[in-house]
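What follows is a set of notes on a single structure, which appears directly below.
The values are calculated or read from the model by the stated rules, or taken from the named source; none is laboratory data. Just so we're clear, the structure is a prediction, and the values are computed from it rather than from any experiment. As a convention, Cβ positions derive from the backbone with ideal geometry for all residues, glycine included, and neighbour counts pool all protein chains shown.
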Amino acid sequence: MKDSRSLDQAAQEVLRIKSVKALIAGKSQNEVAEIFDVSLRSVNSWWKTYRSLGLPGLRKKSRRPKSADEGGKLKGWQCSSIVRTIMSKTPDQLEFGFMLWTRDAVAELIKDRFKVRLSKWTVGRLLKQWGMSPQKPVKKAYQQQPEVVKEWLDKEYPRIARKAAQEKAEIQWGDEMGVRSDDQIGRTYGKIGQTPVVKVSGQRFSCQMISTVSNRGTLRFMIFDGKFNANVCITFLKRLIKDAKRKIFLILDGHPVHKSKKIKSWIAANAAKISLFVLPAYSPELNPDELLNQDVKTNAVRKKRAANKDELKRNLVGYLRGRQKRPDLVRRYFEAKHVRYAV
């Protein structure tokens, strides 16, 4: 077949998604091109789209009319200009009185640039038409150095991945997290003007969690009390290599404990079983284990409020063991945009 454009749009969509899923499962681009009888160039293009936009980016897109929006107030090129701005700038960079791109902020941008007034309802319809939806933004520290992050993504991580392949090692990402009983409760529906009341324990208690995940669906964890230090870290690392069937390449953030002499000495003494690598500073969004942390806080802590510390620990252990039995769910963490490089 080679040229998939001869297929209808629905069939092309199925072909794109199946090809990318085969790549995620471990097939090479050459193998996928041969299996699905498409060009290597197409496979490479689909993989780049997936890395940038995820599976939704591979789906069939309805063609936007060449004319204006439904009210005829914006031309096609004007719509494209607004989309490019939303994707590349934040409102405060343009000196608007907003931090985020809300409907009001986009309406202000349209009015400022093209002297066209649109209601926020019309703007909402336009944003949906442009393939946009309200999302929780990823927080990035002002101290983060973009050039260092780019260097890590373009050169350092590929080098780690190649070395892991040579040594037949498994790459794991790790992180530590404090878990508190008074962590913010999520949202619940209630009548307007009547704030819902949720009964919680008046006591405050907490524990700590350290964990690792891999793109194969592996999950390891340890719950502990007290401060995170080198001794606690080494206890976890010992458990990690004890259960491992292959060498571990462990990627962590730049926490002072991870860089301590005690940890470096222990890693050197166990170099045949484990190697340690450090993420760029102030870049938690690059760590897939952060998504496990969010999952745990949302589903093991906020949805099931513990009455005491023992119950909090039981909730955590039960939830994490359940995740260990579902490697497919662990692999889903790696589908998030900022960690897709680690697939």
**Prompt:** Do you know which residues across the range 273-300 are closer than 24 Å to ILE241 by Cα and among the polar types (S, T, N, Q)?
**Reply:** SER275, ASN287, ASN293
**Message:** One residue is enough: does the range 302-309 have a residue meeting the conditions within 19 Å of ILE210 (Cβ to Cβ), assigned by TED's automatic domain parsing to the domain that holds ASN229, in a helix (DSSP H, G or I) and not small (Gly, Ala, Ser)?
**Reply:** yes
**Request:** Using the structure shown, decide if LYS238 is part of a helix (DSSP H, G or I) and either surrounded by fewer than 18 Cβ atoms within 10 Å (Cβ to Cβ) or not assigned by TED's automatic domain parsing to the domain that holds ARG51 (or both).
**Result:** yes
**Prompt:** Quick one: LYS313 ticks every box in (1) surrounded by 14 or more Cβ atoms within 10 Å (Cβ to Cβ); (2) out of contact with any strand residue (DSSP E or B) (no Cβ under 7 Å at 6 or more places or on another chain); (3) in a helix (DSSP H, G or I) bar one, so which box is it?
**Reply:** (2)
**Leading residue by the ranking (nearest to ALA230 (Cα to Cα)) among those in the range 257-282 that are in a loop (DSSP other than H, G, I, E, B) and not small (Gly, Ala, Ser)** = VAL257
**Message:** Restricting to the range 141-197, and then to whatever is among the β-branched types (Val, Ile, Thr) and surrounded by 10 or more Cβ atoms within 10 Å (Cβ to Cβ), can you tell me which residue is modelled with the lowest pLDDT?
**Reply:** ILE185
